[in-house]
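Note sheet for the following structure.
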Amino acid sequence: ISAGDLSFHKEAAACALCSGKGKIKMAQRNLLIGDWSKPIENAFVRNSALNYYSDEHSQYMALWKAVAKANNIPDLPLNLWKEEDLSLLFYGTGNQIWETTWRFKNKTRSGEQDLSAPWKGLLNYLNEEYALKKNNKNSTSLKLLVEAETCQACAGKRLNERTLSYQ
């Protein structure tokens, strides 16, 4: 093994999550909420990427309503929610499957559809979309919802676990 093999510039040594940068761009909850003193329907910033998830007629809000109902989350301004309720909204409920009826409505159609899916949380949905579209030139609105933070996989050290194990 040589010193070059221990460099974050080498793919084999770099952290796979952040590609050896030590930081990763992630959606931030403070960038999603425009007004914490409003209920969820009116609290989000106006942003086309976020609107896909937060629109009251979206499948995501249909799932969220099922989660909120099951967890007795009151229809109050967000600044009055308990931290555990905010955590459910932003980070999801794990692998639990939620079943609900999605009442959809757009410019040309409306109707109902049964849904059965996990609630991943708004931040996780946005992070997944950002990972897929970060290099797309049409992702400007999505980029407004993310900020760089220390990589969780390498704690900012830029190297993968195997490389960090060398003494």
* Are there any pairs, at least 6 apart or on different chains, whose C-beta atoms fall under 8 Å, with the first in segment 138-150 and of a type in the set (Lys, Arg) and the second surrounded by fewer than 16 Cβ atoms within 10 Å (Cβ to Cβ), and if so, which? -> LYS143/LYS134
* Structure fact -> Considering residues that are among the hydrophobic types (A, V, I, L, M, F, W, C) and open to solvent by 80 Å² or more (accessible area, probe 1.4 Å), the number found within segment 53-86 is 1
* Does at least one position in segment 83-102 carry a residue that is more than 18 Å from PRO39 (Cα to Cα) and touching a residue at least 40 places away in the same chain (Cβ under 8 Å)? -> yes
* **Single match in LEU50, LEU31 (criterion: open to solvent by less than 70 Å² (accessible area, probe 1.4 Å), under 22 Å from LEU76 (Cα atoms) and out of contact with any helix residue (DSSP H, G or I) (no Cβ under 8 Å at 6 or more places or on another chain))** => LEU31
* How many residues are within 22 Å of LEU164 (Cβ to Cβ) and in contact (Cβ under 8 Å) with a residue 24 or more places away in the chain if we restrict to segment 13-35? -> 12
* Structure fact -> Among (1) surrounded by fewer than 13 Cβ atoms within 10 Å (Cβ to Cβ); (2) at pLDDT below 95; (3) polar (S, T, N, Q), SER19 falls short only on (1)
* Is it true that some residue in segment 119-135 is at pLDDT below 95, charged (D, E, K, R) and open to solvent by less than 40 Å² (accessible area, probe 1.4 Å)? -> yes
* Asked: Of all helices (runs of 4 or more DSSP H) completely enclosed by segment 1-88, which ones contain at least 2 residues that are within 18 Å of the chain's Cα centre (by Cα) and within 30 Å of LEU159 (Cα to Cα)?
  -> 29-32
* Structure fact -> Flagged in segment 118-167 as more than 23 Å from PHE44 (Cα to Cα), assigned to a strand (DSSP E or B) and in contact with a helix residue (DSSP H, G or I) (Cβ under 8 Å, 6 or more places away or on another chain), in numbering order, are LEU159
* To do: Exactly one condition in (1) at pLDDT 95 or above; (2) among the β-branched types (Val, Ile, Thr); (3) surrounded by 14 or more Cβ atoms within 10 Å (Cβ to Cβ) is not met by ILE40; state its number.
  => (1)
* Quick one: which residue in GLU147, GLU112 is among the charged types (D, E, K, R) and touching a Lys or Arg at 6+ places or on another chain (Cβ under 6 Å)? => GLU112
* Where residues in segment 136-167 are among the hydrophobic types (A, V, I, L, M, F, W, C) and over 24 Å from ALA49 (Cα atoms), which of them is surrounded by the most Cβ atoms within 10 Å (Cβ to Cβ)? -> CYS154
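The values are calculated or read from the model by the stated rules, or taken from the named source; none is laboratory data. As the structure is a prediction and not an experimental result, all values here were calculated from the model. Methodologically, a virtual Cβ is constructed for each residue, glycine included, from the backbone with ideal geometry; neighbour enumeration extends over all protein chains shown. Just so you know, the surface numbers come from the protein's heavy atoms only, side chains and all, with ligands and any DNA or RNA stripped out. Shrake-Rupley method; radii C 1.70, N 1.55, O 1.52, S 1.80 Å.
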